[in-house]
Every structure is written in structure tokens, then in C-alpha cells.
Amino acid sequence: MGNMNDKLKLWKDSPSSFEEAEQAWDLGAKTAAEIRPLKTPKQLPSMVGMTPDTAKGLKWKSLKWMVANDHDRKILKSFLRHPFRYGWRWIKSALKAKPFKRQGDFFLYGVDSLNEFSHLLKDKNALFVAGFSYCHKPFECPSGRFTPECIHDPENPVCRQCFIGKTVNALPEGNNIPLFIPTIHYVGGKIFDLVHQYPGRPILFLITACELTLEMFGDLGNMVDIRGLGVRLDGRICNTMKAFELSEQGIKPGLTTVLPDTQRQILELIRERSNAR
């Protein structure tokens with residue numbers, strides 16, 4: 001593929017160079033696809049949203065899941081640091097019909113619009129968490145799929161074709177934290193750690209997940225009082241509790257994806273974050 005490091009330094013340059021850096025990345029991705037095309041699953045229709053039976057009592061199902069599967073008690077211990085504060089926030093969120101607003105593929109938590117979130121990203125002192133569900137890692141991911149690891153190496157032909165790899169390389173340095181999410185307890189524990197490590201500091205997030213997951217755990221995000229976006233995945237998503245439970249064990253034979261228009265919107269947000277440096 002040749003040495004792309006010099007070109008990729010453009011991600012760290014001035015905002016006017018962002019598009020040039022993306023063009024360099026995409027050119028390298030095209031070359032990588034010719035050298036090592038990724039395995040693609042049999043083309044199947046995208047899964048529809050959650051089934052009606054799954055939607056019944058979803059708030060209680062999500063709470064039960066978090067409690068019953070908190071095997072190391074990290075979520076419980078974090079909750080007990082401020083039980084009345086967290087408990088009151090959870091109740092207020094749970095009493096709402098929906099814990100979020102929605103704008104296309106984006107679920108909005110604590111913000112009213114993508115424009116508002118874009119403005120918040122310009123605060124260079126805010127911590128920004130960019131989280132990616134393992135289920136849209138390629139089958140050939142060199143770090144493995146069901147794992148919190150990701151090498152996002154621009155010289156690796158698999159990483160170069162991966163949207164996660166592209167986004168993480170575009171993410172500016174400083175106060176920006178990429179997470180690669182195998183389970184809901186993993187990301188929940190990481191968020192609690194940040195909230196307690198940086199009390200009073202603004203924490204923003206953008207996390208990719210299936211629609212079912214974004215519906216289930218919005219109240220928990222509101223409980224810790226962080227603001228951000230959940231990005232709806234398409235493709236072979238989880239739309240039943242059984243599928244979700246299997247996915248949380250790493251049993252996910254299908255691939256999910258971020259749709260092209262949504263990818264573009266995410267990269268525009270990353271560009272805004274670059275302006276905050």
C-alpha cells in the first residue's frame with residue numbers, strides 16, 4: 001500500500017486539511033480492497049426494529065439485565081457512590097415515555113439537536129467518548145470482534161477498509177477517548193469511571209449500537225447526567241431480547257453497519273471536534 005503516514009498526519013492539521021486527509025484515507029482504502037478484499041456475508045435484508053413483544057416492559061428488562069449480569073459488581077459499586085443522586089435521575093428518566101429525542105439515525109440524550117451537540121463538541125475542555133459496538137467490526141478484524149481492543153492501524157488493509165478505523169484515526173488527540181464495546185456493562189463501567197474521575201467536567205459521547213440497545217439503556221445514560229448521541233446501526237441488528245443476550249456473549253454471526261449518510265454526519269462531527277483543539 002505504500003507509506004501513508006505523511007498523508008495521514010493531515011488528520012492532525014488545520015480543519016481546512018480534513019477533507020484532504022479523508023481523501024487520502026479513502027484512496028488507501030480502495031487500494032487495500034484490491035489487495036485484500038474483505039469477506040462479506042450473504043446479502044440479506046436489514047432487520048426491522050425491535051419486535052412488539054420485545055418492546056413490552058423494556059425499561060424493566062434493561063434494569064433487570066444490568067443488575068443480573070453485573071458479575072463483578074462494578075456498576076453497583078459505582079451506583080452506591082451517589083445512590084440518591086443516581087436513583088432520582090433514573091426515576092425521572094424512566095417516567096418519560098422515551099429517554100431520548102431522535103433525529104434520523106441519531107438518538108439524542110440530553111441534547112435537542114445535532115446542531116446543539118456539534119456546538120458542545122467545540123468545548124476543548126470537555127471529554128469526548130467515541131464508542132463503537134463490536135458488531136460492526138469486520139470479520140477479519142486483527143484485534144478480534146468480541147473484544148475491547150482495536151489496533152486501527154492505517155497500514156493494515158483490514159483497518160483501512162473499516163469505518164471504525166477511519167473514524168478513530170480522524171479523531172483529534174487530547175480529551176478524546178475511543179472505546180470498543182463488547183458489552184453494555186463494559187461501556188457502563190467506563191462511563192462511571194470517567195464521571196467519578198473527572199467530577200463536574202463535561203462528558204460527551206457518541207456511541208454506535210443497535211436500536212434495541214439504544215432504547216434499553218438511555219435511562220442509564222441520563223442517570224449519570226452525560227449528554228450525547230447514540231448512532232443506530234443497520235444490517236443484522238439485534239431486534240429481540242434473545243438476540244441481544246446472545247450478542248452480549250459474543251455470539252453475533254451477522255454484520256451490522258453504519259449507513260453511508262450517517263457515516264458522513266459522524267465525520268462532520270469529528271471535524272467539529274478537531275476545531276476545538
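Read-outs throughout are calculated quantities, based only on the coordinates presented, and are distinct from any laboratory measurement. This structure is a prediction, so every number in the text was calculated from the model and none was measured. Every residue, glycine among them, receives a Cβ derived from its backbone with ideal geometry; neighbour counts consider all protein chains shown.
Listing for the model above:
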read-out	value
Debye, to nearest 20: dipole size of the chain, +1 on Lys, Arg Cβ, -1 on Asp, Glu Cβ	900 debye
Calculated FRET value between Tyr198 and Trp60, using beta carbons and R₀ = 22 Å, to 0.05	0.10
Cα pair distances exceeding 18 angstrom across segment 78-186, given as percent	65 percent
D (Stokes-Einstein, µm²/s), Kirkwood Cα radius, segment 45-102, 1.306 mPa s at 10 °C	117 µm²/s
Cβ-derived FRET efficiency at R0 30 Å, His119 paired with Thr40, nearest 0.05	0.20
Cα-based helix-to-principal-axis angle, 83-94 vs the chain, degrees rounded to 10	80 degrees
DSSP bridge pairs, segment 75-211: antiparallel proportion in percent, nearest 5	20 percent
Rounded, prolate or oblate (a/c below 1.5 giving rounded, otherwise prolate when a/b exceeds b/c) for segment 191-277 by Cα gyration tensor	oblate
Whole-number D in µm² s⁻¹ for the chain, Kirkwood Cα-pair radius fed into Stokes-Einstein, 20 °C, 1.002 mPa s	110 µm²/s
Structure-based [θ]222 nm, the chain - -39500 (n - 2.57) summed over DSSP H runs of at least 4, per residue, nearest 500	-12500 deg cm²/dmol
Subset of Lys77/Lys190; Lys74/Lys252; Lys122/Lys190; Lys74/Lys124 violating a 19 Å alpha-carbon distance limit	Lys74/Lys252; Lys122/Lys190; Lys74/Lys124
